[in-house]
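Written below as structure tokens is the structure these notes are about.
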Amino acid sequence: MRKTLSLFLLFAVFSLLVSNPLVFLNDLEPAFSFDFQPNCFRFSLFVPLVRTIAPIDWFLPKENAGLLKGLIKVESDFYVHALSEKGAKGLTQLMPSTAKELGVLNPFNVFQSLDGANRYLNDLQNRFNNLELALAAYHEGPTKVAREGPSVEGLRYAQKVLKSARAFENKTAFFKDAMYFEPYVEFGKHFSTGLNFYLSVLGAAYLSGGLNVSDKISQHVLLYPNITDSLSLILGEKDLNLVGGFLLRRMPDFSLQVVLGKNELDVSGLVRVWRFYVKAGFSQQRFHVGFIFK
């Protein structure tokens, strides 16, 4: 019995080091989840909804406005939390190394993404003194273009961006982003049901909230100001008590959330293992473990 308990605790701690559906904002697929607690079982659904946020024209700089609109259409199709297999992030699909050079802390932040891409395009146009070459360099890297010249793929990309820019010249385009709804039921000593939601606010912050109904009604609202693309602070309330904490994440592989408050300690984490996620945590003086399948 002692050995079994030790293995359980090790498993829980391992999962924590490595649960929050905000890690799924780049992956628009429904999912379902099972959570196991000592005296309770919980079943959840995660239902994504793509929503239109605001006209992108409101946020574009005066210079390169049309060009940026065409570039964003090609790169991310106006989706704020776009994430490529190579690791390019956000509306303008900045690579981590490029974002770092530009001082962009959070490529999913609409304001930082547009500002960084605009400055990068200006630098490339000044360097190559040719718009097609600048766009090819944006796509395949300025060092490669300067050393070897643009590839056929790079020139095709440049033409695609310019064609898209012309197509959207007199059209309004809108940002798109996802939110997740999480209806759930719990079976145990008491039956309860509830609904949580998670959404992005222009990539600059996240907002989540929820309502639970059992023998009593409980609720929470949490705001996550994003410091970088992997670190967010947490400010909010649970049942009218102030709470705070932080969220660490690497989309779409893992997240770790810690929330502290009056008589409140909530630690939860998840890590991707092949095509599903393992999650674990400690909340209301109880451990829980579970799985999410997408």
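The values are calculated or read from the model by the stated rules, or taken from the named source; none is laboratory data. Fair warning: this is a prediction, and the values are worked out from it, not measured in the lab. Glycine also receives a Cβ, built like all others from the backbone with ideal geometry; neighbour counts cover every protein chain displayed.
Annotations
- Candidates LEU124, LEU114, LEU195 - the one that is surrounded by fewer than 21 Cβ atoms within 10 Å (Cβ to Cβ), among the aliphatic types (A, V, I, L, M) and closer than 25 Å to ARG51 by Cα: LEU195
- Index of the failed condition, GLY269 passing every other in (1) crowded, with 17+ Cβ neighbours inside 10 Å; (2) at pLDDT 95 or above; (3) among the small types (Gly, Ala, Ser): (2)
- A Cβ distance below 6 Å, combined with a sequence gap of six or more or placement on separate chains, defines the contacts here; from the range 259-286, residues that are more than 19 Å from PHE246 (Cα to Cα) reach residues that are assigned to a strand (DSSP E or B) and at pLDDT below 90 in the pairs ARG286/GLN37.
- Test: THR98 is touching a Gly at 6+ places or on another chain (Cβ under 9 Å) and assigned to a helix (DSSP H, G or I): yes
- Subset tally (residues that are farther than 19 Å from GLY290 by Cα and not in a strand (DSSP E or B)) for the range 252-280: 2
- Qualifying residues in the range 168-185 (those that are surrounded by 13 or more Cβ atoms within 10 Å (Cβ to Cβ) and not aromatic (Phe, Trp, Tyr)) - the one nearest to PHE43 (Cα to Cα): VAL185
- Criterion applied to GLY103, GLY66, GLY90 was being among the small types (Gly, Ala, Ser), under 17 Å from ASP229 (Cβ atoms) and surrounded by fewer than 19 Cβ atoms within 10 Å (Cβ to Cβ), and the one residue passing it is GLY103.
- For the range 252-277, filtering for residues that are basic (Lys, Arg) and within 14 Å of PRO21 (Cβ to Cβ) leaves 1.
- Among the candidates LEU91, LEU124, LEU133, residue that is closer than 18 Å to ALA65 by Cα, part of a helix (DSSP H, G or I) and out of contact with any Gly (no Cβ under 7 Å at 6 or more places or on another chain): LEU124
- Among the residues of the range 1-58, the ones that are of a type in the set (D, E, K, R), modelled with pLDDT of 55 or more and not in a strand (DSSP E or B) come to 4 in all.
- If you go through the range 245-262 and keep only what is of a type in the set (Gly, Ala, Ser) and either under 14 Å from LEU231 (Cα atoms) or not assigned by TED's automatic domain parsing to the domain that holds THR228 (or both), you end up with GLY245, SER255.
- Within this structure, ASP77 passes the test of being modelled with pLDDT of 95 or more and loosely packed, with under 13 Cβ neighbours inside 10 Å.
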